[in-house]
Amino acid sequence: MSRTRTAFLAAMALVAGASGTAVAAYPGDVGISAIPCTVDYKVQNDWGTGFTANVTITNNSAPKSSWALKWSYAGNQKVTSGWNAKVSQSGTAVTALNESYNGTLATGGSTSFGFQGTYSGTNAVPATFTLDGVTCNVDDGGGGPTNPPDPGTGSRVDNPYSGAKVYVNPEWSANAAAEPGGSRIANQPTGVWLDRVAAINGAGGKMGLRAHLDEALKQKGSGELAVQLVIYDLPGRDCAALASNGEFGPTDIDKYKTQYIDPIAAILADPKYASLRIVTTVELDSLPNLVTNVSPRNTATPNCDTMKSNGNYIKGVGYALNKLGDVPNVYNYVDAGHHGWLGWDDNFSATVQTIKQAATAEGATVNDVHGFITNTANYSALKEPYYTINDSVNGKSVRESKWVDWNRYVDELSYAQAFRQEAVSQGFPSGVGMLIDTSRNGWGGSARPTGPGAKTDVDTYVDGGRLDRRLNTGNWCNQSGAGLGERPQASPAAGIDAYVWIKPPGESDGASSAIPNDEGKGFDRMCDPTYTGNPRNNNHMSGALPNAPLSGHWFSAQFQQLMQNAYPPLP
């Protein structure tokens, strides 16, 4: 394996706590010339408001007569004094320059310096170090420090969608093109769902993972191409719902590792696919369930209590992040729910904490997380243009409306940007990015509002102006009135790596009635149009379409509705 990151630094500091050390370590098969420099950043003493640290630089490239090491803090750490280097700080950026007596660094040579600093909140280890402008602790493909990492040879780039085409799944494309009018979107990139072991090698005549990656190489040509995979088969999967229950029982963590994650990791590590940018969406709906659907919440389910107690969601996600993160051209994005699920104060920060717990379990580190994804397979509006969380009507905040219900966010973009900031503040790398699934959140068509609601009262104002026409933000299954959202695009907004279609439009969320199957998928009443609800949707009707097939199966009526209500509209 070839880990291209400073993962060991961050992980060791987080595990060790206030008096921790961060020790850089590299597998034996990484040639020293492939990593131009290594940095060992150790927190030696930490007393809650201040700390001392020691930094060791090892130069693996051409000899140096002087050097400059730079890093940035994600928190509010401040360097107050240093020794054996001239250490200065501007904002969050720190620069350490050699002294006259330690500027010479031979190939393979090392030098150390120390400093004292203050902080409040977290004291996270910096995510990235550069020596004379070259990123350390990163395999540069053997080209030496004068060459930047080649994004086509497995070295990670900041945003895998930047400057790249995205893989079009030919199976989904064929389904879309077969629908009347479907050719208008049949060339859009969508996620490939690995939702059971059989999907790895292909089942029921469908393409397996290698077949998809081989096709991706054909689509890539001479440019860059990203492939979107959904990693989705945890033990006790989807503990708060039934429509997407998985094949592994709550205690089958070893089967999850050896029968599911290990085979996927082995395929992705094949050098044949090193030129692809492989984006993984890691385990939807799992970790947030450990926050919102466990005792003593009134939304608790026995299954979620079980998964919190046995720790297998944490272990499973940690193992997946670690194994997949070992592959240099894999970019892990962890599921972050959506604003209508996690936007409340008692859910928001706790979810980040739970994800961090998983990201430092089973050998994983926070640097195995390239980013987060929101709204996957959901319907929350990207932007609500006609009201904001700061509006009020007759002295009442929109937070007091029945729709918003004291949530702090009204749409996915504001939620995703805030989630990224919270993650960085809790110790994830400052460069993490966000993805937003816009496959079904357009809410166009004749029901789309064209301006704010009347200011008769706060409910009339919000309901009259909101784009999201669901009966409740807790409704998630085959929603009536939904439409295609923004087309996939890279870098659409600050902190957002891409808008993506991870949930392929036209694939069902779940069956509207019980259907016997061998896929481990149960019947969830939230997919039943006659269901009157539960505490998770404030006892509203489900809003689901009738006559829906099993989750993941083609649902022609839904696909037609999504095209009809697309926003931006289809040509």
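The values are calculated or read from the model by the stated rules, or taken from the named source; none is laboratory data. The structure displayed is predicted, hence computed values, not measured ones. Heads up, the Cβs are rebuilt from the backbone with ideal geometry, glycines too, and the neighbour counts pull from every protein chain shown. Only protein heavy atoms, including side chains, enter the accessible area calculation; ligands, DNA and RNA are left aside. Shrake-Rupley method; radii C 1.70, N 1.55, O 1.52, S 1.80 Å.
Observations
- Prolate/oblate/rounded call for the range 321-430, Cα gyration tensor, a/c under 1.5 rounded: prolate
- Debye intensity ratio I(q)/I(0), log10, the range 371-506, q values 0.10, 0.13, 0.14 Å⁻¹ (C-alpha model): -0.34, -0.57, -0.66
- Computed over the Cα atoms of the range 172-262, pair by distinct pair, the Kirkwood hydrodynamic radius stands at 15.1 angstrom.
- Averaged over its residues, the chain has an accessible area of 37 Å² per residue, based on protein heavy atoms and a 1.4 Å probe.
- Here the ratio of the Cα radius of gyration of the chain to 2.2 N^0.38 Å is 1.00.
- When the solvent-accessible area of the chain is split by element, carbon and sulfur atoms take up 51 percent of it, the probe being 1.4 Å.
- Two-site label geometry, L217 and Q353: point separation in nm, points 7 Å out along Cα→Cβ: 4.7 nm
- Helical mean residue ellipticity (222 nm; -39500 (n - 2.57) per DSSP H run of 4+; nearest 500) of the chain: -6000 deg cm²/dmol
- Taking the average, over residues, of other Cβ atoms within 10 Å as the packing measure, peptides 534-540, 113-119, 178-184 rank 113-119, 534-540, 178-184 from highest down.
- Using only the C-alpha atoms, the convex hull of the range 248-407 corresponds to 132 Å³ per residue.
- Extension reserve of the A494-S397 stretch, reckoned as 0.36 nm per residue once the Cα distance is removed: 32.2 nm
- Entry note: the range 191-241 has Rg to Rh equal to 1.08, where both radii use alpha-carbon atoms and Rh is the Kirkwood radius.
- Semi-axis lengths, Å, the range 382-426, gyration tensor of Cα atoms, sqrt of 5 times eigenvalues: 23, 12, 8
- Cα gyration tensor shape for the range 426-557, rounded if a/c is under 1.5, else prolate or oblate: oblate
- Compared with the direct C-alpha span, the chain from A454 to T299 gains 52.5 nm at full extension, assuming 0.36 nm per residue.
- Over the range 40-117, the hull volume per residue, using the convex hull of the C-alpha atoms, is 86 Å³.
- One Cα centroid belongs to the range 176-202, the other to the range 45-79; the line between them spans 47 Å.
- Within straight-line cross-link reach of K323, lysines at Cα separation under 17 Å, skipping those fewer than 8 residues along the same chain: K255, K257, K315, K356
- Looking at the chain, the DSSP beta bridges with both ends there are about 60 percent antiparallel.
- Segment T56-N187, extension gain: residue separation times 0.36 nm, minus the distance between their alpha carbons: 42.1 nm
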